[in-house]
Each structure stands twice: as C-alpha cells, then as structure tokens.
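The structure under discussion appears below in the form of structure tokens.
The values are calculated or read from the model by the stated rules, or taken from the named source; none is laboratory data. Note that the structure is a prediction, hence the values are computed from the model and not measured. Ideal geometry is used to build each Cβ from the backbone, glycine not excepted, and the neighbour counts take in all protein chains shown.
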Amino acid sequence: MSKKLTIAIVLAAILGGFAVMFFRGEKQCVTINPVANNIGVKAYQIQMKSNNVLYMKCRFKNAGVLHNSSTKHGLSVIVGDLLCRKINGLSPEETTDKLRELGVEKLSILTVEDDFIISFYVLKDKTDAALQFLSPIFSRPEFSTNDLEFIKEKYPSLLELETARPQELLWDKLLSMLYQNHNYGRNNTGTAQAVAGITAEDVREFIKTHFLKNTLEFFVTGDVACTEIATYAETLFGKLAERHSVESSDKANDLSSSPMSEEKDATIFKKNMGNVVGVIIGVRIDNLSEKERAAAHIIIETLFDSKIGDFLLGLRAKNIAYDVNYHFLRRNFSNVFYFLVYIDKNDLKNYKEYMEDKMSAYQKELNLKDFRRTQNLLVMQSKIGFADMAEIDKRIEYNSLLFAEVTQAVLNDTARKLFNKSYRRVVYIGS
Amino acid sequence: MKFFSRISTLLLFQLKLLLPLFFVSVLGKNPMCENKKYTLENSVDVTLHEDFRTPLAIVGIIFHTGSFDEQLSQKGITELIAANFISRETHIKLLELGVSYQVNVYGSHTEIIAKINLRNIKEFLQIICKNDFSPNDLEIMKKQMIINNNLAHSCFEDAVANEIFANISYKGCNISAAFNERILSSISLEDMREYFRQHYEKCRLSVIVSGAIGEKDLRQALQSTVNNLPSRQSHTASVCTNQIQKEIYIESKHIGRSVQYFYKIPSEDLVFAEAFFRIFHYELFNFFEKANQLISDYESFYVISSEDCIRQIVLCPKSDVSLATIRQMYDIFVERICKREIPTSIFLKIQQLKEFSNQFLLADLNAIYRKIKSDNLNGLNTEMSLKDSKLFNVLGKKFLKSNLILKIITRYKPDK
C-alpha cells in the first residue's frame, strides 16, 4: 500500500512539475528573447517547436518606401524587386532554382510603410548553406542596367492598380490630409516619374546607406537555440557596415512640421462605381503609450465586431447595408486608425449623421463592461501561442501591448483621442 | 489505510489528466504523427493530425456543399447562409471561450475554421453543434452582397474568375459565378431555411483537427456533440453536357498581359497529375530561360470542382513579346514535353524538391490543416513520384493535348 502511494506521489510530483512548466510556458508562449552576437545586431529568438523549418525575418528600420525622398519615391520597391533576382553570378532562373535546392521557401520582400522587410522559411539542416548563398544580397547585390529596366517595366501596372481600386484612392487621399508635407502622406508604391528616374547608382547607394547593422532587427522563429541564431546573424550580416544611419532628407521622424489639412473632408469622383459610395474615416494620433494602444485595439474590436459591434448594429438598425474594413496601423512615429465603409449612395446622408452622433457619444463615455469580453479574448489570444510561424508579426506587436492592464480610465482617455473630431479626416468616393 | 488507499488511487487517476501536459511540455520536440482517419457512427469523417508542439489546435468543420450546388434560381444563397451561419448567441459564446473563427464558402464546400486552446476543444464543438441557424437581417445582407459585387465589378476583379467559372463543370454541369441581383432579391428567409435543411443538415460532414489533442479525447469530444446532428446523406449528381474548347479575350486595362491555359484533369488522374505538373513546371521554367526570358512571370494553380480538377497555367509575357510568339513558343514547349526523354537526374531533383516542400507543409498547424483539407477534398491520399520518361510523355499527351478546355488572353488583341 505504501509502495503504491509512494509511486503515485513521485509520479505526481514529476508530472505536476511539468504541468507547472506547461502553464508557465503557456503564459510565456510568445516570448521574444534577445540574442547576443559578435557583430552587434539586434537579433531575437522566438521559440516555437517545429519539425525542421525556421522562419527568418530581417527588418531594416526606416528603409521602406515612406522614407524615400520625393524625387526617388518608389526606390525601396525597385530595390526589393532587384535584391534577390541574381545571386552569386547566377541568372534569375538559376537563382530561383538554387534557392529551392537550398530549401528556401516563400522568400518575400515588403517595402511598404516604414521598414524594408525580408522574410523566408528555410529548412534547418540546410540553413548554413542557404544563408551563405543569401548573404551577398545585403552588401554586394548583383544586377545590371538591363535588370533594372526589366523591373521597372512591371511598375506601370502596379500604379494602374493603385488608381483602379477605390480603397487605394481613398487611402492615398486620406494620408495626404492626415500628414501634410510629410513622407507619411505619400502612397506606398511611388510615382511613375520618380521610378523612371531611378538609376543603378541610386540602388547601390540605397543599399549602402540603409542596410546597416544598427538599423537591423533579425527574428528567427522555430526550434532553434540562441547560439545558433547568433551564428546565422554573423553569416548573413557580418559584412554590413556599422555607422549611424543616414536620416532621410525629409526627416520622417519629425512630425511637428506636418499638420493635418485644414479641410476636414474631401470627395473623389470615380467612374463605374454604380450606386456604391465609399467613406473612409481616418484618425491620426502621434503619441500613444502601449497601454493606450492596447485600449485602442480593444475599443475598435468591440465597436466594429461583425455580429455584436455597437457601431455596426446601429447601422443595421437604420437599414444601412455596408461592406466594412478597419485597421489600426502603427507606424514608427505615429498611429493611424481608419474605418472604411461602402454603402448605397442613397444612405449617405443618414450615414454621415449617424457617424457624427456615434463618434461624439464614444468620445464622451465608453462603458467598460461592453469591452470586457474583447479584452479577455485579446488577453487569451496573446498567450496561447502560434498556429502559424508567420504570425510572428502580429505577435511581436501584441507582445508589448498591455491588454490585461487596461482600465475604465485608460479606455476613456484613449476614446477621447480616438474619437476627437480635430484628429479626424473623412474622404468620400463615388461616381 | 483506507484513506491512503483512496488518496493513492486518486493521485494515479489524476496523473492520467496530466499526461497531455507532459507531452506538450517535454515530448513537444517532435511529437508529430501520421494523420489518423476514421468515421463516426453518424457518418462524420474525421481526420486528426496530433501535434503537441503548442497547446492549441486548428479545427475545421467542413460541410460538403458550396456555391457550386446552387441552382440558377438561387444564385448567391450559400453566401447569405454563410453570413448568417453563426448566430449572435453562438458568436458571443465563442468570443468568451477565446476562440477566433471564420466561416468560408467555396465552390464545393463550406468551412468553419477555428483556432482553439486545447482545453476548449470539447466546449467549442458543443457550442457549434448547438448553434441555431436562424437567419435574420436578410434584406441588409442582400444589400451588402450587391455592394460587394458592384465594387468588384468596378475593379474588374471578377472578370477572369467569371470566365473561368462559366466554362468549367461541377458534377458534369456547367456553372457560373455571375452575380444576379434580381435572383438574389427573390430569395426569402424560408428559402434559406429550406436550403439549409436540404444541403447542410443532410450533406456529408468532415472534421479536421490539427493540434494538441489525442485520438481518444477527440473521439469522446465528437461523440457527445456531433451525435446531436441528423444523419448524413450524399447528394445525387446531375448530368449535363461536355464543354468544347474556347478562347476568350479580356480587354480590361486593369488586368496585366497574360496568356492562360486551362486543362481539365479527371479526378481519377489527380495523383498522376500532381506528379506530372511538378516536372512540367520545372521544364517550363528552363525552357523559357533558354528562350531569353520571354516571360516575366508564370504561375499555376487549380480550381477544384470536387469531381474534376482544372489546372491553370498562366504566362505573363514581356511587353515586347507578341501574342503569336508566346503562343508559338508554348506550343513548341508542349510538343517537346510529349516527346522528350527526361533525364533521371531531373526526376531525382523534382523528388528532392517535393520532399522539401512536404517539410514546409508540416511547419505549423495552419499549413498542416490546409494540406489535410486539400488532400481530403481532392482525394489525394497518396503521393506519387514519376521516374519513367515514357510514362511522363504519355501523361503529357493526355493532359496537355486532349484536355485543354479554355484559353483566356488578357490585354492582347485577337490575332488577325
């Protein structure tokens, strides 16, 4: 009997210990651990058990298209297309083939917004060879004038899409009103004139001045030790220069000289929209603490929930049909909340009145009990970990947000900023 | 003594509950298993991929009915149903459980996909099975669909998709994705309830789970919940005519220049087709390299119509390449594929790339879920590698010469 009890207690202690580890692990499912390395770049480990696959993300801060000068607006996009086209003297097709052989998948380059981001998946047992192959792109990219012209050839169709879609037109106009005389007020594709004038020397100069050790953040997700990540960082970025970054000539981080437009709203005429009208509301808030940002997420997710969101339920009660899209966008030096609705143009007058009334009401007071459910959901989701390696972006952002610490007072303070009419601009589009 | 006996029995019993946690925290390094498939007593198909890397699961509940099942007189009804599928009460319960979910409608199926903490799987299944389909706000939903359609129409986003769907078949019948406002307006709440009863309650149901749950626990969770639903039956197929090959030009300036070929692959050939097209793409890539980069890009994907597969090959020529040239080069390539002896080294290389690809497909729960769903829906339960050049040539003639059903050409004017 005592033997049975002894065995049971010992096993319970062992498994209980693992249970504690599990629960503690569950709370820390999304930890991001800094990795020390010999070359001084900011490197991070995001531990996620995986079979044999790693996900890597390299972010060069303030090298995105929003930080291009006005005469070279679109340069980041062109650099992105050229960067991995030819590596180590191979042709584009040979390069693609080689990357596949080396177990590199979903190589992606994102240059919109503030940062220049390169991400890819790689098989862990081929990582060393893959990174050796990729490392030259950061310091000595290979391309000819013909390659540059080839890339530029795709550009006009990109721009056509920009002007074809109502959402893009609304967004571009809204940004120009929210951020006058500032890079943030420009589109994230560039202009035809600027792109036509980009030379091979511009591309080389861009890489020399933006791909620097002290502007880089390197994230590795997977079942990988910090020491391994340090080696990867040294392989990929060992030859990068290390000096102070060159600020863009437009000084993107200085928003003091960038007021919002005097006009509170604007209208764009576009053909072929039939009876549909688009309305985008944008709010610019430059300074928000992490707690306020968390509160903003809670407010937005609650008010615009598709089934129980107060704002959308009110629209239905008024028999106003809608197609809705919203987002809270965090830029390096500012925040933008936008809410885009497409409605029947016969409902436009009612919608305008409704929108003004609601926004005023939200600014005065928000009842926390309506938001508790969303708060709990966001807290839970921020803890339970990844289903997808590429969720890292959301997790990195959410990891710093203090959902659980948002109180009624924080909610109301944030709501006063979020629904403040003076921070708000509206753009309409229709036929 | 009795007290200690009870305590020890209780402790041993409790250990059983801690075992899953043990797996997650310690054996999580590589506790990945083969897919386990079984059918419940009420004909629900279940596929489980046990994966204890993280304490969560992706759960997909799949109804084998979708927009392709719509009669012409009820075009759009599945979208209306999807918008009303989850009731407000169910939605609140799911939010409180910390579940994020989506309801997606496809041609051949409708899916509820959710990401759940492993501890809440059973409760999630209970909530979903007790969900009361009670559509409301029908007029608002219709207006919303009309708005969506007008928007897509203004951007020509649906132009190519509409042409594709107008020319492929589902269960032998032609279907069309073309939106019709008049038909939509005529659909009533009773129509929706009746359609739901006929197509959703009685259709084949599948459950796919990818995540940290063992087979026994999943069976228990499903048995006590899914048994509440009525028995499943299969649809009967309807019969229709075959298509003939067509060529369509789309002039919209919003769609880039492309030449697209559509091949119909019968379902019994799908496994061969997978293997064939892997090598096809590799050869296509090399062929156009030698032809001095006539194309700036190409891609291929396929539209599934449940019983037939449509393989789509898209070529995006450079601006100085005429339509006649790209057609001629592609025809030369197809001839070559049907005759050329493929070296063994190419077969081995393709096999290696496939093995790499499989590893990426198992990288995370979302990827695993998508692969399982795709394989289940396509009937691709086995993988095949091609190593025989003669067989490859035979398949080339079959897929590329006999089964071409449609060509779509965008931003080129027709050849004179």
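Structure above, values below:
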{"quantity": "Matching residues in region A:35-46 - criterion: being of a type in the set (S, T, N, Q) and surrounded by 20 or more Cβ atoms within 10 Å (Cβ to Cβ)", "calculated": "A:N37, A:Q45"}
{"quantity": "A:D357, sole failed condition from (1) among the acidic types (D, E); (2) surrounded by fewer than 16 Cβ atoms within 10 Å (Cβ to Cβ); (3) closer than 30 Å to A:K271 by Cβ", "calculated": "(3)"}
{"quantity": "Test set (1) touching a Gly at 6+ places or on another chain (Cβ under 9 Å); (2) part of a helix (DSSP H, G or I); (3) within 12 Å of chain B (Cβ to nearest Cβ); (4) closer than 25 Å to B:N286 by Cα - A:V122 fails condition number", "calculated": "(2)"}
{"quantity": "Qualifying position, being touching a His at 6+ places or on another chain (Cβ under 8 Å) and at pLDDT 90 or above, among B:I62, B:I77", "calculated": "B:I62"}
{"quantity": "Residue tally, condition farther than 23 Å from A:D125 by Cβ and assigned to a helix (DSSP H, G or I), over region B:325-350", "calculated": "17"}
{"quantity": "Any hit, region B:151-171, residues being under 20 Å from the mean Cα position of the chain (by Cα), within 14 Å of chain A (Cβ to nearest Cβ) and modelled with pLDDT under 85", "calculated": "yes"}
{"quantity": "Residues of region A:149-183 satisfying the condition of being among the aliphatic types (A, V, I, L, M), away from every other protein chain (no Cβ under 14 Å) and out of contact with any Asp or Glu (no Cβ under 8 Å at 6 or more places or on another chain)", "calculated": "A:L174, A:L175, A:L178"}
{"quantity": "Residue check, A:I137 in the same structural domain as A:N214 (by TED's automatic domain parsing), touching a helix residue (DSSP H, G or I) at 6+ places or on another chain (Cβ under 7 Å) and within 15 Å of A:T191 (Cα to Cα)", "calculated": "no"}
{"quantity": "Region A:383-411, residues that are more than 10 Å from chain B (Cβ to nearest Cβ), crowded, with 18+ Cβ neighbours inside 10 Å and at pLDDT 75 or above", "calculated": "A:L401, A:F403, A:V406, A:V410, A:L411"}
{"quantity": "Tally of residues being over 20 Å from the mean Cα position of the chain (by Cα) and either in a helix (DSSP H, G or I) or within 14 Å of chain A (Cβ to nearest Cβ) (or both) across region B:351-405", "calculated": "19"}
{"quantity": "Residues located in region B:74-110, provided they are more than 14 Å from chain A (Cβ to nearest Cβ), under 23 Å from B:V209 (Cα atoms) and surrounded by 21 or more Cβ atoms within 10 Å (Cβ to Cβ)", "calculated": "B:H109, B:T110"}
{"quantity": "Within region A:276-299, tally of residues that are outside any strand (DSSP E or B) and either within 20 Å of B:I140 (Cα to Cα) or out of contact with any helix residue (DSSP H, G or I) (no Cβ under 8 Å at 6 or more places or on another chain) (or both)", "calculated": "5"}
{"quantity": "Members of region B:124-141 found to be within 13 Å of B:H91 (Cα to Cα) and charged (D, E, K, R), listed by number", "calculated": "B:K130, B:D132"}
{"quantity": "First in region B:397-413 and touching a residue at least 12 places away in the same chain (Cβ under 8 Å) and under 16 Å from B:I326 (Cβ atoms), second anywhere and in a strand (DSSP E or B) and not small (G, A, S), Cβ under 6 Å, 6 or more apart", "calculated": "B:L404/B:Y263; B:K407/B:E247; B:K407/B:Y261; B:I408/B:I248; B:I408/B:Q260; B:I409/B:Y249; B:I409/B:V259; B:T410/B:I250"}
{"quantity": "Some residue of region A:349-365 being at pLDDT 80 or above and under 30 Å from A:K106 (Cβ atoms)", "calculated": "no"}
{"quantity": "Elements of type helices (runs of 4 or more DSSP H) in region A:300-403, at least 1 residues being aromatic (F, W, Y) and under 20 Å from the mean Cα position of the chain (by Cα)", "calculated": "A:392-399"}
{"quantity": "Residue satisfying all of: in region B:38-66; among the charged types (D, E, K, R) and in a strand (DSSP E or B); surrounded by the most Cβ atoms within 10 Å (Cβ to Cβ) among these", "calculated": "B:D51"}
{"quantity": "Number of the exception - A:E217 against (1) under 18 Å from the mean Cα position of the chain (by Cα); (2) more than 21 Å from A:N62 (Cα to Cα); (3) surrounded by fewer than 20 Cβ atoms within 10 Å (Cβ to Cβ)", "calculated": "(2)"}
{"quantity": "Lone qualifier among A:A130, A:A164, A:A192 - being among the aliphatic types (A, V, I, L, M) and surrounded by fewer than 18 Cβ atoms within 10 Å (Cβ to Cβ)", "calculated": "A:A192"}
{"quantity": "Test: residue in region A:195-208 that is over 22 Å from A:Y155 (Cβ atoms) and assigned to a helix (DSSP H, G or I)", "calculated": "yes"}
{"quantity": "First in region B:104-128 and under 16 Å from B:C203 (Cβ atoms) and without any contact (Cβ under 8 Å) to a residue 40 or more places away in the chain, second anywhere and of a type in the set (V, I, T) and not in a strand (DSSP E or B), Cβ under 7 Å, 6 or more apart", "calculated": "B:V105/B:T78"}
{"quantity": "Of all residues making up region B:38-73, the number that are more than 20 Å from B:Q126 (Cβ to Cβ), hydrophobic (A, V, I, L, M, F, W, C) and within 14 Å of chain A (Cβ to nearest Cβ)", "calculated": "1"}
